[in-house]
Amino acid sequence: MTFPIVMNPETRDRFGAEIDAVQRDINASLGDRDRRYIKRMIAIQRGLAVAGRLTIYASLPLLPTGLPFLAVIGLGSFTLGIAKILENMEIGHNIIHGQWDWMNDPSINSSTWEWDNVCPADQWKHSHNVVHHTWTNVMGRDRDVGYEILRVNPTQPWHPAALGQPVYNALLALLFQWGVAVHDIDIGGMKSGKTTWEQERVKLRGVARKAAKQLTKDYVLWPLLAGPFFLYVIGANAFANMMRNVWSYMIIFCGHFPDGVHHFTEADVAEETRSGWQLRQTLGSCNIEGGALFHVLSGNLSHQIEHHLFPDMPSNRYPEAARRVRAICARYGVPYNSGSLTRQFGTTLRTIFRLALPGGGGERLARA
């Protein structure tokens, strides 16, 4: 497939200049309203986490009652799951991106924040912030979670192991934080000589230390507070983690693999300018439509196009940026991939299932 639009360098640079103006204008207006937003979001998340855990413990005396017990512990698990979603998506991911560094608050800063996830923040900053955001959808360079585990583009060579990818995909959804945890381990780099086992072993040690803390917190310390009912608390915490994993997987995959997303070769970006990078970010990302609560629970990654164009812009400003970016794309004839959750996730699953088989039903590689 050829590049989806015809745009000469001068027009592309004007497109890029208008995109830059969006970021410049919004960054210039950052202030107390935004500061209050992130502090309020952190307070809400921590309140939900406390409420969820207290509700779980409050359910334990109801154990002999059957359905009432299940209803209360289910409510506690769900509330804790929402807290974990908010911490990972709208708070942790975005703080680690440096979106709130402008406040100069040492407690809400990309250099100090450690999120509630088995992946160490420093490794996520490298594999995601640096590698993925630099090489978005460049085949062979973008090591996003999907490309590492699944065949999501027909240009990727087919192997009989791909036949199992519907199963791999389901397991990845359920255990998504573990897929994220090993995301920065560069097995291909070891094979090619770009990195060494010793370098990767240091990363693995970091993952092991972080995972030990997370597992101890959720599956040892909190459950022990329940005494003889510890198994029920383990189950409730496992449900909350699984809920967070599946939601995070779905939102992230909907931002990268639905129909209409474009992919690129290394040759395409060999002499890429800033405006070319901006165009590639727009074409290689997908938005999900929904209401205000949906956007918050998605970490505003439902505005994936804007997130890739402005990764260090505070996420609460993405809706504002999206209105302007969409209008710019319309003026320049640039495709702006936005659709419902059903559409984006449905076409993503269809691609994953179809590419488990040889071929792929048509070329999806865009040349820049």
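I'm told residue 268 meets every condition in (1) out of contact with any Lys or Arg (no Cβ under 6 Å at 6 or more places or on another chain); (2) surrounded by fewer than 21 Cβ atoms within 10 Å (Cβ to Cβ) except one. Can you identify the failing condition by its number?
(1) is the only condition that residue 268 fails.
Go through the stretch 169-187 and count every residue that is surrounded by 17 or more Cβ atoms within 10 Å (Cβ to Cβ) and either more than 17 Å from the chain's Cα centre (by Cα) or among the aliphatic types (A, V, I, L, M) (or both). Even if it seems obvious, please write down each step before you answer.
Filtering the stretch 169-187 for residues surrounded by 17 or more Cβ atoms within 10 Å (Cβ to Cβ) gives 169, 172-173, 175-186.
With either more than 17 Å from the chain's Cα centre (by Cα) or among the aliphatic types (A, V, I, L, M) (or both) added as a condition, the list becomes 172-173, 175, 180-182, 185-186.
Adding up the residues that qualify gives 8.
Taking residue 236 as the residue in question, decide whether it is surrounded by 15 or more Cβ atoms within 10 Å (Cβ to Cβ), touching a Phe, Trp or Tyr at 6+ places or on another chain (Cβ under 8 Å), in a helix (DSSP H, G or I) and at pLDDT 95 or above.
no
Can you find, within the stretch 132-156, the residue that is surrounded by the fewest Cβ atoms within 10 Å (Cβ to Cβ) among those that are free of Cβ contacts under 8 Å to residues at least 24 places away in the same chain and assigned to a helix (DSSP H, G or I)?
Checking each candidate, the answer is 134.
Quick check, is residue 56 surrounded by 21 or more Cβ atoms within 10 Å (Cβ to Cβ) and farther than 30 Å from residue 230 by Cβ?
No, not satisfied.
Please verify whether residue 30 is surrounded by fewer than 19 Cβ atoms within 10 Å (Cβ to Cβ) and touching a helix residue (DSSP H, G or I) at 6+ places or on another chain (Cβ under 9 Å), treating the condition exactly as stated.
Considered against the rule, which asks whether it is surrounded by fewer than 19 Cβ atoms within 10 Å (Cβ to Cβ) and touching a helix residue (DSSP H, G or I) at 6+ places or on another chain (Cβ under 9 Å), residue 30 comes out as yes.
Could you grab the pairs with beta carbons closer than 9 Å, sequence gap of 6+ or different chains, first residue in the stretch 322-342 and within 17 Å of residue 11 (Cα to Cα) and in contact (Cβ under 8 Å) with a residue 12 or more places away in the chain, second one surrounded by fewer than 18 Cβ atoms within 10 Å (Cβ to Cβ) and among the basic types (Lys, Arg)?
332/14
Among the candidates 108, 91, 95, single out the residue that is in a loop (DSSP other than H, G, I, E, B) and not aromatic (Phe, Trp, Tyr).
From the options 108, 91, 95, the qualifying one is 108.
Given the criteria at pLDDT below 95 and surrounded by 12 or more Cβ atoms within 10 Å (Cβ to Cβ), does residue 190 qualify? Spell out the reasoning first.
Details: at pLDDT below 95: yes; surrounded by 12 or more Cβ atoms within 10 Å (Cβ to Cβ): yes.
Taking the combined requirement at face value, the residue satisfies it.
Please state which one of 80, 30, 48 is assigned to a loop (DSSP other than H, G, I, E, B), under 26 Å from the mean Cα position of the chain (by Cα), modelled with pLDDT of 95 or more and at negative phi.
Matching residue, one of 80, 30, 48: 30.
For residue 63, work out the one condition from (1) surrounded by fewer than 18 Cβ atoms within 10 Å (Cβ to Cβ); (2) in contact (Cβ under 8 Å) with a residue 60 or more places away in the chain; (3) of a type outside the set (S, T, N, Q); (4) outside any helix (DSSP H, G or I) it doesn't fulfil.
For residue 63, the exception is condition (4).
The values are calculated or read from the model by the stated rules, or taken from the named source; none is laboratory data. A quick note: this is a predicted structure, and the numbers were derived from the prediction, not measured. A quick note on method: Cβ atoms are made from the backbone with ideal geometry, for glycine too, and the neighbour counts reach across all protein chains shown.
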